[in-house]
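Below you'll find the structure, written out as C-alpha cells, and then a few comments.
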Amino acid sequence: KIREFDKKTKSAGGKMPDVDPSVQANLDKEMKKVATQFGVAEGKEAEFSKFPAFNFQGKYLLNMGR
C-alpha cells in the first residue's frame with residue numbers, strides 16, 4: 001500500500017493523490033495563509049533548516065547587557 005501511495009503521489013506531481021478538488025482548494029488556501037504568516041514569498045519554499053539571523057538596532061537593546 002505504501003509503494004502504491006508513493007507511486008500515486010509521484011504521478012500527481014507531489015500533491016495528494018485521489019483528492020476532491022474542494023479539499024485541494026482548502027489545502028492550497030491554508031498553505032498560502034501559513035506562507036504569509038512566515039513571510040515566505042509566493043512560489044518559493046520556506047527555509048526552516050537554518051536559524052534566522054537577527055539584526056537588532058536600538059539603544060534600549062544595546063544597554064541591556066550592562
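Each reported figure results from applying straightforward, stated rules to the coordinates on display, with no laboratory input. Because the structure is a prediction, the values reported are computed rather than measured. Every residue, glycine as well, gets a Cβ built from its backbone with ideal geometry; the counts of neighbours run over all protein chains shown.
Structure notes:
- The residues packed around Glu4, meaning those with a beta-carbon under 14 Å from its beta-carbon, carry a net charge of +3 if Lys and Arg are +1 and Asp and Glu are -1.
- Environment charge at Asn26 (Cβ cut-off 15 Å; Lys +1, Arg +1, Asp -1, Glu -1): +1
- Projected label distance in nm at Arg3 and Gln24, using a 7 Å step from Cα toward the beta-carbon: 2.7
- Seen from Lys15, the other residues with C-beta closer than 12 Å to its C-beta sum to a net charge of 0, counting Lys and Arg as +1 and Asp and Glu as -1.
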